[in-house]
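A quick write-up on the structure given underneath.
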Amino acid sequence: MSAPKPPSRFIYLAILLLLSFSFLISVSASEESDDIEELIALDEAEEESGGGTHHPKPSSEAEVLTKAQRIVLELNNDNTQRAIDGNEYVLVLGYAPWCVRSAELMPRFAEAASSLNELKSPVLMAKIDAERYPKVASNLEIKGYPTLLLFVNGTSQPYTGGFSTEEIVIWVRKKTGTPIIRINSIDEANEFVKKHSIFAAALFNKFEGSDHDEFVKAATTDNDIQFVETNSHQIANILYPDLKSDKLFLGIVKSEPERYTSYGDFKKDKILQFLNDNKFPLVTFLSELNSVKVYSSDKLQVYVFAEADEFKKLLEPFQDAARKFKSKIMFVFVDIKEENLAKPFLTLFGLEDSEDTLVTAFDYKTGAKYLLESDPTPAKIEEFCSGLFKGILPPFYKSQAIPDNKDADILTVVGKTFEELVLSNSKNIILEIHTPWCLTCETTSKQVEKLAKHFKGLENLVFAKIDASVNEHPKLQMDDYPTLLFYLGANKSKPMKLPTKSSVKDLAILINKYLKEEASDEHHVVKDEL
């Protein structure tokens, strides 16, 4: 018997790029410290010549990356344990040379290592070829590629941050003792704004008191957003040019149309909720980099699938809708040409081959999915979002086109006809539930064909089949494939499950038994056994 059909929520979560991460840090007086210090010294030496003549900085991105990669320690059978034991913090990247995800992450990891080195972070950034050193990787509990793990005094913890260079740096600094950056000068403020695309900024008279304590707690708890503080109104104005107060202030800054959003409640949970409601753009463009964050959001989610040029026409109405529902709904654009991102979602709707612009929604707390089945005009988009928010939007269920069942011994049921042909039908129904990929469904289908011929002419018994891979109904019940359900005419709410591994003769005997039990009350005619 083939595997059970995964629910929509499971399929959705399976899309996630699940990366586990962890690290170790600090350069101490151990042998491993010497290794990393030597690498850094090599870089510095290359920038100097003779009597201290300073070489120009690397002129290409490739040279910058090469330099950054040398800061990352390459672990092996001999140095791994020394590195972890000899440093307070170590962030380890487990990779495989053939892994595409690893190849995408490694340059960002190296750039993050370079940035952290410039910031004098105590973390040691290291990587290991888990295919070349499988025993070491296994001891580190690296089970997939890529994996990031943070080791703190020898104990590992998973990495839970984003996968851009900036996000790696923020997460590492928060986990290694720098949850908040304090800005003390105009130059620092200007430099900070250049380097960060999103941050939470606060203005305090003094860095003490209950409000500041709550801000620190929030900064320590949050793993995604850089927190920054100052006690200078002039500096705060650089960080947050929309500042309208010279008193206690908190706001979030993003590099998008809704650039500045302020807030006033200095309670840890309130701050975290405010950031969660506002940290994403009005419309998030789904990518491999941000997919994990998007998938893990607890908000309702509205997705638009379109080609990039077509979506430009819809961006403004979606941004308008996002402003009205941003605390409850996340709005996401997926380029329909990016098949690895778009197809898993579209398959849930049976629309994987569609090239049209589609607007969908998901409620992952209930597993429900929704489809806007009209042109995505601004009015229809807002109506769709309002219905989703209020919980009055009818869920979407996949269905094939309604087939012609004229003269068919076995009726073909689809999602749209399940209610009419099965649940509302006064006759007894034997329904075969199958899928194209089910290895044993073909055998069951042949048995059903034989049973249908044997019982042909019996007016109170109908044989039917449904392909559950492309048809859905909220009352369609099955645990696995194939499934045979017997819906008695008198009680369609509790179908009986017939054994698919039984012989045709045994199935016929069982069917007759059920028919006779019902006939005793309703005087129906039954068919002799095989």
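The values are calculated or read from the model by the stated rules, or taken from the named source; none is laboratory data. Treat the numbers as computed from the prediction; the structure is a model and nothing was measured. Backbone-built Cβ (ideal geometry, glycine too); neighbour counts: all protein chains shown. Ligands, DNA and RNA are excluded from the accessible area calculation, which covers all protein heavy atoms including side chains. Shrake-Rupley method; radii C 1.70, N 1.55, O 1.52, S 1.80 Å.
Along its three principal directions, the equivalent ellipsoid of region 140-284 from the Cα gyration tensor extends over semi-axes of 28, 17, 15 Å, largest first.
Quick check on region 235-323: take the gyration tensor over C-alpha atoms, sort the square-rooted eigenvalues as a ≥ b ≥ c, and tell me if it's rounded (a/c under 1.5), prolate or oblate. It comes out prolate by the Cα gyration axes. Between Lys516 and Asp375, what FRET efficiency comes out of the Förster formula 1/(1 + (r/R0)^6) with R0 = 35 Å and r the beta carbon distance, rounded to 0.05? So, using R0 = 35 Å, E works out to roughly 0.05. Summary of the geometry: region 277-319 and region 171-248, compared by the centres of their Cα atoms, lie 27 Å apart. Given R0 = 45 Å, the distance between the Cβ atoms of Gln81 and Thr366 translates into a calculated FRET efficiency of 0.40. A simple spin-label model places the labels of Glu310 and Asp187 5.3 nm from each other, with each point 7 Å out along Cα-to-Cβ.
Take the Cβ-Cβ distance between Ser503 and Ser354 as r, set R0 to 30 Å, and report the resulting FRET efficiency rounded to the nearest 0.05. Approximately 0.10, to the nearest 0.05. Listed peptides 442-449, 385-392 appear in the order 442-449, 385-392 once ranked by packing, highest mean of other Cβ atoms within 10 Å at the front. Tell me, what is a quarter of the convex hull surface for the C-alpha atoms of region 290-341, in nm² with one decimal? Result: a mean projected hull area of 3.7 nm².
The length gained by stretching the chain between Leu248 and Ser296 to full extension, at 0.36 nm per residue less their Cα-Cα distance, is 14.1 nm.
Here the label points at Leu272 and Val100, each 7 Å from Cα along the C-beta direction, are separated by 3.6 nm in the simple model. The length gained by stretching the chain between Lys206 and Lys328 to full extension, at 0.36 nm per residue less their Cα-Cα distance, is 40.5 nm.
Annotation for Thr443 and Asp320: the two label points, set 7 Å from Cα along the Cα-Cβ direction, are 6.0 nm apart. The slack in the chain from Lys492 to Asn153, taken as 0.36 nm per residue of separation less the alpha-carbon distance, amounts to 115.9 nm. Starting from the Cα gyration tensor of region 294-442, take the square roots of the eigenvalues, sort them a ≥ b ≥ c, and report rounded, prolate or oblate (rounded when a/c is under 1.5, otherwise prolate if a/b is larger than b/c, else oblate). Note, shape of region 294-442 comes out prolate. For the listed residue pairs Lys194/Lys313; Lys270/Lys299; Lys456/Lys513, the alpha carbons are over 19 angstrom apart in Lys194/Lys313. What a 1.4 Å probe finds exposed on region 404-463 is 50% carbon and sulfur by accessible area, rounded to a whole percent.
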